[in-house]
Amino acid sequence: MMNIPDEWKMDDAQWQALIFKVAELYNNLTIMRGFQYYKQKRVGPLLFSHRQARHHNNAAIYDHTQNVTQDFTQAESNESGTITAEVQGTEAYTVMLYMEALSTSRCTCPVNTPCKHMAAVLMSYAEQQGRPVPALVNAHATTSLKQAAKSVVTASSGRAYSFDSTSDHGQTFEDKNAVDGRQYSEIREQAAALADMSIPEWHELFRDSLRRLGTGTATTAYIQEASDELYAIKPKLPAAMEQLFELHVLLYLMRYCIPPARNSITNTPVYLSYPAQLAVDALQKRLEALLLQPLDCSGLQGLALEQFWARLVETAGYLRTEMLTETANMMFFTPVYIKLWLNWIVTQPQGNSDLLQTELATLDRIERDAVQQAKEQELNGQRPVKKVILPLPLVLAQGWMHYHLKQDTAAWQKLVHGSTAYGIPPEQLLYFLHTLVDSAEWTRLAEWLVQLGPILTNRRNTPLQDYMQLWDLTIQHVPESEHQMWDTLVSMLPHSRPAYEEAMHSRGQWRRWIDFQLSTGTEPLEFRVAVLQPIEKEAPELLLPFYHQAVERYVGHKNRDGYKAAVKLLKRLSKIYKKLKHDEQWEHFITTLAVRNSRLRALQEELRKGKLIP
């Protein structure tokens with residue numbers, strides 16, 4: 001807090017009452033305009049008069065018929081219980097806030113209702129109190145949510161969320177202020193020692209701080225209010241610890257939004273409500289943006305650096321615990337765990353192989369425990385176990401630890417053989433590949449493309465376009481890896497057929513392309529003209545066997561449709577022979593074909609219609 005007289009310092013109950021009063025007196029537009037003035041630092045110094053018990057005539061609210069002028073007398077400005085400030089608007093306006101009866105406050109501007117200048121002064125007052133200004137900006141959302149919370153029923157159709165383990169329904173501000181016997185000032189005092197506290201203690205502090213909010217539904221507005229409350233207790237921290245604090249605020253709020261993965265009674269999957277999903281989406285975007293920022297440890301050394309790394313390792317442990325209960329359809333903490341190691345831990349000198357080995361050993365122990373538990377269940381006759389299906393987050397985490405340790409063979413083996421019953425989602429596999437692109441490890445990327453290609457084809461909607469773009473990029477940097485691409489695509493057939501054909505066609509591998517079509521019995525007429533045109537232009541002789549075989553098949557159908565298709569291809573053959581200047585060969589071929597099939601009258605008719613024979 002700044003130098004505010006003791007009698008002007010708000011406790012939690014008074015702060016909550018002020019939020020409700022702002023919602024009652026000011027509309028959203030006025031609040032937002034006041035916020036702009038506050039942000040633009042248009043509010044001058046606040047003058048506090050001696051605060052005493054006083055009474056106002058509440059019936060005379062904003063009675064501007066009293067000819068209020070800009071020049072308030074010194075006696076008026078020193079009236080008991082008054083905050084006086086000058087706000088720079090179109091011109092300088094003087095605001096007098098009567099905090100014991102806020103509705104009777106006055107401003108020298110021409111507006112005859114609660115105005116933006118008053119709102120701006122209230123926000124400046126909140127800032128000097130060390131209170132979150134956004135809580136006033138969101139006053140309408142806050143109060144409506146708190147009113148709605150009283151009628152929320154905890155049920156499968158609409159989960160009620162609470163930052164406390166007990167219900168706050170029906171509590172007054174004074175009741176909430178006394179929750180657990182802890183005053184707001186005590187919480188802020190404890191928060192000053194965040195660096196010395198463990199991560200579980202951080203979250204306990206968060207819980208105590210947010211108990212005042214009571215129970216509410218997980219929405220973006222409610223989460224924003226909670227975020228403001230948590231930032232209000234944050235002490236001044238080094239840059240890296242600031243980043244870690246923000247990370248845990250987001251994680252704590254995301255945990256609040258997400259119900260258990262499965263219903264404890266029916267064991268059926270649980271999904272997020274639409275408002276909760278919007279809140280989680282917003283939190284995930286903030287998490288992603290935060291973890292993309294480099295970790296700034298420049299201001300840390302000695303004990304401070306040791307404390308930070310202890311908190312960071314505890315963070316990894318917290319995320320590990322949270323992610324292991326997740327399913328493939330609801331993975332929220334798993335991506336954060338992966339990015340924490342990738343972007344914050346292994347990029348620092350302290351994120352050495354010993355730390356990675358320790359984490360991998362922990363993950364392997366979890367796997368062994370899962371296998372042992374499955375065997376014990378089988379021995380107890382609960383259910384037969386053919387293969388232990390490991391949690392997808394565990395498999396991914398093990399894969400990433402091997403990846404960071406450059407133990408690629410172990411990583412591939414884990415991803416290939418340790419996947420879940422439904423396989424690993426393609427986007428999770430592609431993330432390994434894109435990370436190698438970011439680090440420009442092209443030779444290593446080629447090996448990963450070879451190993452992960454077959455796993456990608458085991459999924460529907462195979463993302464082969466992305467996969468092939470990565471091959472193109474790799475070959476640009478390591479041309480000798482092209483043969484690995486061809487061998488891998490062949491091993492992935494038939495799933496890789498579209499990608500294989502496109503790769504051959506785009507690289508002008510016409511002979512390889514034609515041989516593949518011949519071996520698979522593809523019909524030439526299935527292709528668009530644009531596909532065959534470049535071959536007719538650059539290597540027309542390669543199309544001769546492709547077209548000849550198809551003509552024989554079409555004639556062999558011995559029906560009118562087959563004959564028409566044969567004639568269509570024969571016309572193309574005629575053009576190719578002429579282009580190659582093999583007119584005699586063409587005449588010999590078409591004559592022989594007509595004579596050999598002279599009994600097929602319908603074919604003869606189609607040949608004449610096509611002007612292929614006289």
* **Odd one out for L244, checked against (1) at pLDDT below 90; (2) touching a Lys or Arg at 6+ places or on another chain (Cβ under 8 Å); (3) closer than 27 Å to V137 by Cβ** => (1)
* Inspect all residues belonging to region 400-411 and state whether any of them is surrounded by fewer than 18 Cβ atoms within 10 Å (Cβ to Cβ), at pLDDT 85 or above and of a type in the set (A, V, I, L, M, F, W, C). => yes
* Which one of the conditions (1) in contact (Cβ under 8 Å) with a residue 24 or more places away in the chain; (2) closer than 26 Å to H434 by Cβ; (3) part of a loop (DSSP other than H, G, I, E, B) does Y337 fail to meet, given that it meets all the rest? -> (3)
* Structure fact -> Those residues of region 560-614 that are surrounded by 11 or more Cβ atoms within 10 Å (Cβ to Cβ) and either within 60 Å of the chain's Cα centre (by Cα) or β-branched (V, I, T) (or both) come to a total of 23
* Would you mind telling me which numbered condition in (1) farther than 23 Å from K414 by Cβ; (2) in a helix (DSSP H, G or I); (3) at pLDDT 90 or above A440 fails? => (2)
* Asked: Do any helices (runs of 4 or more DSSP H) entirely within region 493-574 hold 1 or more residues that are among the aromatic types (F, W, Y), and if so, which?
  -> 497-506, 510-520, 543-556
* From the options L305, L251, L295, L272, residue that is within 24 Å of T325 (Cβ to Cβ) and modelled with pLDDT of 90 or more -> L251
* In region 322-342, the residues that are among the polar types (S, T, N, Q) and either touching a Phe, Trp or Tyr at 6+ places or on another chain (Cβ under 9 Å) or modelled with pLDDT under 95 (or both) -> T325, T327, N329
* Asked: Limited to region 277-319, what total is found for residues that are in contact (Cβ under 8 Å) with a residue 12 or more places away in the chain, of a type in the set (K, R) and open to solvent by 40 Å² or more (accessible area, probe 1.4 Å)?
  -> 1
* Between a first residue in region 363-379 that is more than 17 Å from W400 (Cβ to Cβ) and a second residue that is at pLDDT below 85 and surrounded by fewer than 13 Cβ atoms within 10 Å (Cβ to Cβ), which pairs have beta carbons less than 7 Å apart while being 6 or more apart in sequence or on different chains? -> Q377/R383; E378/P384
* Extreme residue, nearest to the chain's Cα centre (by Cα), among residues of region 501-547 that are acidic (D, E) and within 19 Å of M485 (Cβ to Cβ) -> E502
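The values are calculated or read from the model by the stated rules, or taken from the named source; none is laboratory data. In this text, all values refer to a predicted model and were calculated from it rather than measured experimentally. Here Cβ is always computed from backbone atoms with ideal geometry, including for glycine, and neighbour counts include all displayed protein chains. Ligands, DNA and RNA are excluded from the accessible area calculation, which covers all protein heavy atoms including side chains. Shrake-Rupley method; radii C 1.70, N 1.55, O 1.52, S 1.80 Å.
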